[in-house]
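Enquirer: Right, I'll just put the structure down here and ask away after.
The values are calculated or read from the model by the stated rules, or taken from the named source; none is laboratory data. What you see is a predicted model; the values in this text were computed from it and never measured. Don't worry about glycine lacking a Cβ; one is built from the backbone with ideal geometry, like all the others, and counts go over all protein chains shown. Side chains included, ligands, DNA and RNA excluded: accessible areas come from the protein's heavy atoms. Shrake-Rupley method; radii C 1.70, N 1.55, O 1.52, S 1.80 Å.
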Amino acid sequence: MATTTSTPEAILDAVGGADNIIHFTHCATRLRFELKDASGVNKATVEAIPGVMGAVPQSGDRYQIVIGGAVQSVYDEINSLPAMKSQSGSSGSGSGESDADIKAAARAKARGKNAMVDAFFEYLSDSFRPLLPVLLGASLIIAGLAVLDAFGVINASDPNLTAADKPAAQVFAEAMYKSVFHFLPIMVAYNAAKKLNIDPWVGAAVMAALMTPPFLDLSKALGTTCTHNATLNKDLCVAHIAGVPMQLNDYSGQVFVPLMMVAILALVYKGLAKLIPANVQMVFVPFFSFIIMMPVTAFIIGPAGIWVGTGLGSGLAWLNTSAPIVFAIVIPLLYPFLVPLGLHWPLNAIMLANISSLGYDFIQGPMGSWNFACFGATAGVLVLAIRDKDKVMRQTASGALAAGLFGGISEPSLYGIHLRFKRIYPRLLAGCLVGGLITGIGGGIKASTFVFSSLLSIPVFTPMALYGIAIAAAFATSMSLIILTDYRTKEERAEARAAAAAAETAEVSASAPAEVAEEPEADSTTSAAATTEEGDRTAKAPTPKPALVPGAVTEIASPLKATTMDLDKVPDPVFSSGAVGQGVGLEPEGDIVVTAPADGTVVVAPSSGHAFGITLDNGVEILIHVGLDTVNLEGKGFDVKVSQGDRVSEGQELVRVDRSVIEQAGYPLTTPVLITNTASFASVEVVGGDAVEPGEALIKVTAPEA
């Protein structure tokens, strides 16, 4: 007898069975597993399961499986499987260990292997990742100034020019982007403290103390001695505070110092919180943290952080000088493996340290070959998607390519395409190799400041011609290899073409007028009967919903007061890649009250209140995900007003959210609003401005023409 395996059974088997699960939950689109051992989970096997949209391995033996709108039913079905029921029953009696004990033991076991390393890179990642939008914004200002400099409109490349030699408009524009890099240590300290669950403003204030005018004036104080360092071409000063020498440094642009400082501050802060009574902690925990950490940072951590950054940069600079071709090849070949794992943050920190200490960076030039090889592979996928009439991949690739070429963002390409198809990476690496060879043979490339590698930032690199040739060659190599050899296996290609053909047939069938066959003349009775029968058929034909009528244009209102962000900037690869659907990210303003954008039926409304799926009466299916990872709060701070299956009208409240609860927990408030049936529309566009009010037009969907 033939047997079949259902999607829930296949998922359970793929994650190692019920015995391998420590904790299992879900959010609005994803199943979330905490496993005893995730090393045996095969990503390709998971993504091949019908109904699975993607898999996201995470650190600490955690695993996410993207399901989409059907996640609740799949979650329930998995929990209903006999193996899960048996496991939950035995766990309560077998060894006598509680669920918390099992989790603690598993985490302790993991920490003996690699969880400490995972935690370190998570710390780096979460300290930098929230700053990507401001770094990108600053890099675009830099790119604009570089373009004007390249055309001779201004002189932005001569380091010897002072403000007195420049137009006021140029000086102001430089202040705009330098604000980000000058105060970067304070921003990093804030994020790092937030990551370690202490008051982020305490971390920011400790770092700010080393950047105030009085601290900088210590170089002029009595007893301070300064000597000129010819190698660094700057004065090195030592102040004497109560007889103790303090090395004075310029901490603007530094990142290692705040990262090191906050790691120690967290221990001090939490220790003080245990010692000081709760009713006076608000005053005395920050006070003693300042008294302890400001001097420790100024005397010890600050100079040590400068030495670490300078030492790492000097080591790489030696390699770049001694073997430039090796350096130029290794960097782009490493990045495709570092970025998906989040291991590229240390190199980003070194780039910033190089800019601060040397005035230039030598890593970003070779790195550009990786970026453009990545974008070239995406362009190749786009060409094949257009050829094969694969609408879903065409939409994914076009969005990812635009984000890459004009924003320098590789994540949409990586998570949306490259990591899903194993044939892409060898072709991508070939592009990296070609670009790296050209860079190395040409003697290396320098960047005058920290930027994202995009078309707009090319003038920042020197020599610009060499950089342009290297990235063009990397792009063309990866793109050509993808087009010539395809990025899919023979089976994947056949499946994609079959799906495209089926979709095209369905469209033709839906839009083609009914053919009227020629019949012999009949008498009036027969004609009347035929007319009646035709009328019955016409009456029974379903009327498409308004938004799905061929050529219809429908606007969807904003569910809350917020500022908008492009979807690809949402700091969650599942949402930003468009895997769940196209849409927009919202940053809530003021009190968070989420309302229904139009009349419809609630199809997803978990008790946690963090997400709502609504099938609107007009035919649009929408997902509103309040915050990122807020499912972990298990409903804390969410006052839910509706339930699954409820009818809602436009403007009706879905949930009220206590902003402070989410902020204190350290989760982003970013709220993706997605059209989950994007494939039903010819286009999904954001029409809302930079800021929207509830009820204002936010997204426009256009149905395909008949």
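Enquirer: Quick one: in region 574-612, which of the residues that are at pLDDT below 90 and open to solvent by 40 Å² or more (accessible area, probe 1.4 Å) is nearest to Gln644 (Cα to Cα)?
Expert: Val603
Enquirer: Identify the single condition in (1) charged (D, E, K, R); (2) in a helix (DSSP H, G or I); (3) under 26 Å from Leu184 (Cα atoms) that Asp250 does not satisfy, given that it satisfies every other one.
Expert: Failing condition for Asp250: (2).
Enquirer: Kindly evaluate Ala665 against the criterion of being open to solvent by 20 Å² or more (accessible area, probe 1.4 Å), within 25 Å of the chain's Cα centre (by Cα) and more than 15 Å from Ala596 (Cβ to Cβ).
Expert: In short, yes.
Enquirer: Give Ala175, Ala164, Ala156, Ala193 a once-over and let me know the one that is crowded, with 16+ Cβ neighbours inside 10 Å and part of a helix (DSSP H, G or I).
Expert: Among Ala175, Ala164, Ala156, Ala193, only Ala193 is crowded, with 16+ Cβ neighbours inside 10 Å and part of a helix (DSSP H, G or I).
Enquirer: Any residue at all in region 483-491 that is modelled with pLDDT under 50, assigned to a helix (DSSP H, G or I), open to solvent by 50 Å² or more (accessible area, probe 1.4 Å) and more than 30 Å from Pro332 (Cα to Cα)?
Expert: no
Enquirer: When only residues in region 21-58 that are of a type in the set (S, T, N, Q) and surrounded by fewer than 18 Cβ atoms within 10 Å (Cβ to Cβ) count, which is nearest to Leu633 (Cα to Cα)?
Expert: Out of the qualifying residues, it is Thr25.
Enquirer: Looking at the structure I just gave you, is Val392 in a helix (DSSP H, G or I), open to solvent by 40 Å² or more (accessible area, probe 1.4 Å) and touching a Ser or Thr at 6+ places or on another chain (Cβ under 7 Å)?
Expert: Spelling it out, it is not the case that Val392 is in a helix (DSSP H, G or I), open to solvent by 40 Å² or more (accessible area, probe 1.4 Å) and touching a Ser or Thr at 6+ places or on another chain (Cβ under 7 Å).
Enquirer: To continue, here is another question. Checking Leu384 against (1) in a helix (DSSP H, G or I); (2) within 20 Å of the chain's Cα centre (by Cα), which single condition isn't satisfied?
Expert: The number of the failed condition is (2).
Enquirer: Right, something else. Pairs under 7 Å by beta carbon, first residue without any contact (Cβ under 8 Å) to a residue 24 or more places away in the chain in region 270-294, partner open to solvent by 70 Å² or more (accessible area, probe 1.4 Å), six or more apart or different chains?
Expert: Listed by first residue and then by second, the contacts come to Leu272/Phe288; Ile276/Phe284.
Here's the yes/no breakdown for (1) surrounded by fewer than 23 Cβ atoms within 10 Å (Cβ to Cβ); (2) touching a helix residue (DSSP H, G or I) at 6+ places or on another chain (Cβ under 6 Å):
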{"residue": "Phe287", "(1), (2)": "yes, no"}
{"residue": "Ile301", "(1), (2)": "no, yes"}
{"residue": "Val308", "(1), (2)": "yes, yes"}
{"residue": "Thr321", "(1), (2)": "yes, no"}
{"residue": "Ile331", "(1), (2)": "no, yes"}
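Enquirer: Limited to region 123-144, what total is found for residues that are open to solvent by 20 Å² or more (accessible area, probe 1.4 Å) and either of a type in the set (Gly, Ala, Ser) or more than 17 Å from Pro573 (Cβ to Cβ) (or both)?
Expert: Residues that pass the stated criteria total 6.
Enquirer: Within region 265-275, is there a residue that is over 35 Å from the mean Cα position of the chain (by Cα), open to solvent by 30 Å² or more (accessible area, probe 1.4 Å) and over 21 Å from Ile186 (Cβ atoms)?
Expert: Within region 265-275 (the criterion being over 35 Å from the mean Cα position of the chain (by Cα), open to solvent by 30 Å² or more (accessible area, probe 1.4 Å) and over 21 Å from Ile186 (Cβ atoms)), the answer is yes, since at least one residue qualifies.
Enquirer: Given the residues Ala304, Ala328, which is the only one that is within 20 Å of Leu124 (Cβ to Cβ) and aliphatic (A, V, I, L, M)?
Expert: So the residue among Ala304, Ala328 that is within 20 Å of Leu124 (Cβ to Cβ) and aliphatic (A, V, I, L, M) is Ala304.
Enquirer: Another question, then. If I filter region 456-479 down to residues being of a type outside the set (Gly, Ala, Ser) and within 20 Å of Ile154 (Cα to Cα), which single residue comes out as surrounded by the most Cβ atoms within 10 Å (Cβ to Cβ)?
Expert: Val460
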